[in-house]
Amino acid sequence: MSVPYETAAYEPPESPESPEEHLARLLGRALNSFELPDETIRLLDCALAHDSSLHSAHYSAGLHRATYRHTWLLADGSAVTLWELVHNTAPGHDPQHEVYVDDEELRAATSRLPLPPDTPEFELPPMAELTRVPEPRHEYVPDDSADHARRLLRRAENPDPPEDELAALLVRTAFAHEITQAFGRPGRNGRPGPYFSLYEHAFLLTDGREISLWEVEHTATPSGRHMCEVYATEDAARDAMERRAASLG
């Protein structure tokens, strides 16, 4: 059966990593990092932000395999993804890390392991799937949430913020909220170049509905000043980040 793979190597660092630091840590632990194209490494050396997520995990008879997706946002608005394979199927069962430039190479690598083929997301046995109780996506905290929505929308500088009807609904009925970082990292003092961060502001309404606003913070402005943009969907926010990054090229 498959279960989420847990390893201390993926504990969040005490302080946010820059895209360069994250790349260096990934390449430093990968046994085959020397096989990556030089062009790919040069592109990633100039990345503005990065994001990592668990793609799949499998555990069986003491053997485990996990795959991770590492994505970097580039200055031209495009993105580059590297795929990391972690497994303990080598002699001695010590964890092995490998990195690949596309999912086809990843699938070829996982097919060589003495485990079932890789599949996205977690695999659960039928009984666990039937009895599993879904966990809430957010942990809401009642804390002047309507005022938080009002202040968030007030500082949005983009010309296409959420519609007035949605804003009015949040200001009128939001009573709890949670803020989570979805992409990037805060800028560091003294670090040259622009930075991007994406935050989800999730609101719980009095009628039980959940509504999220997506905030993009960045310094991709002519003067390098900090700017805040707010969007009604994650796709719109990520598109805005790509446009801002491309405008720097």
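Remarks
- Contact annotation: residue pairs with Cβ atoms under 7 Å, 6 or more positions apart or on different chains, pairing a residue in the stretch 23-47 that is without any contact (Cβ under 8 Å) to a residue 40 or more places away in the chain with a partner that is of a type in the set (A, V, I, L, M), are Leu43/Leu74; Leu43/Val80; Leu44/Leu23; Leu44/Val80; Cys46/Leu74; Cys46/Ala75; Ala47/Leu73; Ala47/Leu74.
- Of the residues making up the stretch 232-248, at least one is farther than 28 Å from Leu170 by Cα and in contact with a Gly (Cβ under 6 Å, 6 or more places away or on another chain).
- Hits in the stretch 196-241 - residues which are of a type in the set (Val, Ile, Thr) and part of a loop (DSSP other than H, G, I, E, B): Thr206, Thr219, Thr221, Thr233
- Residues in the stretch 50-81 that are within 13 Å of the chain's Cα centre (by Cα) and either closer than 17 Å to Leu31 by Cβ or acidic (Asp, Glu) (or both): Asp51, Tyr68, His70.
- Residue list for the stretch 211-233, restricted to those being of a type in the set (D, E, K, R) and surrounded by 15 or more Cβ atoms within 10 Å (Cβ to Cβ): Glu215, Glu217, Glu229
- Taking the criterion of being surrounded by 15 or more Cβ atoms within 10 Å (Cβ to Cβ) and among the charged types (D, E, K, R), the residues of the stretch 151-186 that qualify are Glu178, Arg185.
- The set of residues from the stretch 54-94 being on the phi > 0 side of the Ramachandran plot and free of Cβ contacts under 8 Å to residues at least 60 places away in the same chain comprises Ala61, Gly62, Gly92, His93.
- Some residue of the stretch 94-103 being outside any helix (DSSP H, G or I) and at pLDDT below 75: no
- Residue match in the stretch 57-72 (condition: over 30 Å from Pro114 (Cβ atoms), outside any strand (DSSP E or B) and either of a type in the set (A, V, I, L, M, F, W, C) or at pLDDT below 90 (or both)): no
The values are calculated or read from the model by the stated rules, or taken from the named source; none is laboratory data. Computed from a prediction, not measured in an experiment: that's the story for all the values here. When we count neighbours, we look across all protein chains shown, and the Cβ atoms used for this are built from the backbone with ideal geometry, even at glycine.
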